[in-house]
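In what follows, a single structure is set out as structure tokens and then discussed.
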Amino acid sequence: MNNHASRVYSFTAGPAVLPMPVLEQAQADLLCLPGGGASILEISHRSKVFEAILDEAINNIKQLLGLPEGYHVLFVGGGASTQFATIPANILGKEETANYILTGTWGKKALAEAKLFGKTNVAWDGKADNYNHVPADSELNLDPNAVYTHITSNETIQGVEFQTEPASAAPLVCDASSDFLSRPMDVSKYGLIYAGAQKNIGPAGAAVVIIRDDMVARIPDGLPSMIDYRTHIKNNSLYNTPPAFTIYIISLVTRWIKDTVGGLDAMQKLNQEKAGWLYSAIDGSNGYYKGHAVPSSRSMMNVTWRLPSDELEAKFVTEAKAAGLWELKGHRSVGGIRASIYNAMPAEGVKALVQFMQEFQTKNG
Ligand code: PMP
């Protein structure tokens, strides 16, 4: 049976769509990795073949982001949520302060964990407007002595994304889970960048952590080995058994971004185009579709909007599913519709959604 034929366009927030050539490569090599003698699921993480895969994943990320000297790329288990606590455990002393800028649900979760380790200063909180925009620099109440400023570059649930970095004297620490490698980044502004793999770069099972030497120098002795970033730096992410399959797929996805798409400028251009079609459909609907994020804070990855009633939203989701457009129900905290259109979502998927939106409005407007 050719099960490709039953694939739909899935707009899920994550784990999410992967590039078709990557899935095909993984399928072709699943029973025996070239030169590996067995499947990626069966070989030792200490084998030369796996080490080459790990090194490729790391080097692709370095190349794509143009990482300056002094940054380390790590793969760690536990997803982005484990990083919410691991970061302050490593770089926030008990008597020190970290700024947190809250632009949605995930930033609030990160803040709650940091409070377990040191002092926190909420430099801005978008709650009053139900997290529909990012702050202007002039609105930030940054503690000038803070050791870092934490942001969530893209809030997956609200669909709100920083278009440029906020001005901060302290190094930025960024949860880039839902927009990692979707566009170029000025990495020099960041002391630490982290991202769960399962949206833009691979399946679930790992987080990528990019950490700069001055952050590493802050790490106190006495942390458990698996929590201490120095353990993973020293062992090239091979201190224990890493999530090997996830890293393998990351190596293929990053290769696809580099060689097929043509790098992060090209990736950004494709993403801007796809998001542009959806936002134009919203803006061109005479108010039938209402975007959640204010236009200047709109996410290129997660597009969120409402319909005139809860009933119409439910009907939209059901009928879209019947048309092969799955997972469009918004997160319960925002309601409405959310279309996650990460790097690997094909243009055809977004075009099909736009057409469905127009037809739905004509029938139900
Ligand atoms: N941060 C952001 C921005 C996210 O979107 C998510 C997952 N939806 C997380 C953190 C949590 O990631 P994980 O499930 O890998 O812990």
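The values are calculated or read from the model by the stated rules, or taken from the named source; none is laboratory data. Since the model is a prediction, treat every value here as computed from it, not as a measurement. Every residue, glycine among them, receives a Cβ derived from its backbone with ideal geometry; neighbour counts consider all protein chains shown.
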Open item on the list: I'd like to know if region 71-84 contains one or more residues that are more than 11 Å from the ligand (Cβ to nearest atom) and among the small types (G, A, S).
Closed with: no
Task: Within region 106-147, tally of residues that are within 14 Å of the ligand (Cβ to nearest atom) and either among the acidic types (D, E) or in a loop (DSSP other than H, G, I, E, B) (or both) - done: 3
Open item on the list: Six or more apart or on different chains, Cβ atoms under 7 Å: show the pairs whose first residue is in region 128-145 and β-branched (V, I, T) and whose second is outside any helix (DSSP H, G or I).
Closed with: V134/T103; V134/V160; V134/F162
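With the condition kept exactly as written, say whether any residue in region 9-21 is of a type outside the set (A, V, I, L, M, F, W, C), at negative phi and loosely packed, with under 13 Cβ neighbours inside 10 Å. Walk me through how you get there before you give the answer.
Quick first cut of region 9-21, residues of a type outside the set (A, V, I, L, M, F, W, C) only: 9-10, 12, 14-15, 19, 21.
Among the residues that remain, those that are also at negative phi are: 9-10, 12, 15, 19, 21.
Then drop every residue that is not loosely packed, with under 13 Cβ neighbours inside 10 Å, which leaves none.
Looking through region 9-21, none of the residues is of a type outside the set (A, V, I, L, M, F, W, C), at negative phi and loosely packed, with under 13 Cβ neighbours inside 10 Å.
Checking the structure you have, find out if any residue of region 148-158 is away from the ligand (no atom under 14 Å from the Cβ), at pLDDT 95 or above and not in a helix (DSSP H, G or I). Show your work before the answer.
Let us first name the residues in region 148-158 that are away from the ligand (no atom under 14 Å from the Cβ), namely 148-149.
Filter once more, keeping what is at pLDDT 95 or above: 148-149.
Now drop any that are not not in a helix (DSSP H, G or I), which leaves 148-149.
Yes, there is a match, as at least one residue in region 148-158 is away from the ligand (no atom under 14 Å from the Cβ), at pLDDT 95 or above and not in a helix (DSSP H, G or I).
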Open item on the list: Looking only at region 3-19, filter to residues that are modelled with pLDDT of 95 or more and outside any loop (DSSP other than H, G, I, E, B); which one of those is farthest from the ligand (Cβ to nearest atom)?
Closed with: Y9
Open item on the list: Can you find a residue that is touching a strand residue (DSSP E or B) at 6+ places or on another chain (Cβ under 9 Å), modelled with pLDDT of 95 or more, closer than 28 Å to A347 by Cα and among the charged types (D, E, K, R) anywhere in region 27-47?
Closed with: no
Task: Test for T156: is it in contact with a Gly (Cβ under 8 Å, 6 or more places away or on another chain) and without any contact (Cβ under 8 Å) to a residue 60 or more places away in the chain - done: no
TODO: Kindly list the number of the only condition in (1) part of a strand (DSSP E or B); (2) more than 17 Å from F180 (Cβ to Cβ) that fails for F75.
DONE: (2)
- [ ] Output the number of the condition that G222 fails; it satisfies all remaining conditions of (1) within 20 Å of the chain's Cα centre (by Cα); (2) of a type outside the set (D, E, K, R); (3) over 13 Å from G77 (Cα atoms).
- [x] (1)
- [ ] Taking only region 159-203 into account, find how many residues are touching a strand residue (DSSP E or B) at 6+ places or on another chain (Cβ under 6 Å) and either among the β-branched types (V, I, T) or not in a loop (DSSP other than H, G, I, E, B) (or both).
- [x] 13
- [ ] Mind listing just one residue for me: the one in region 159-185 that is farther than 12 Å from M301 by Cβ and within 12 Å of the chain's Cα centre (by Cα) and, of those, farthest from the ligand (Cβ to nearest atom)?
- [x] C174
- [ ] Kindly provide the set of residues from region 112-127 that are surrounded by 20 or more Cβ atoms within 10 Å (Cβ to Cβ) and within 19 Å of Q83 (Cβ to Cβ), ordered by number.
- [x] A114, T120
Task: Residues that are surrounded by 20 or more Cβ atoms within 10 Å (Cβ to Cβ), out of contact with any strand residue (DSSP E or B) (no Cβ under 7 Å at 6 or more places or on another chain) and part of a helix (DSSP H, G or I), drawn from region 204-254 - done: A244, T246, Y248, I249, I250, S251, L252, V253, T254
- [ ] Only residues that are without any contact (Cβ under 8 Å) to a residue 24 or more places away in the chain, part of a helix (DSSP H, G or I) and of a type in the set (G, A, S): list them for region 299-329, please.
- [x] A314, A322
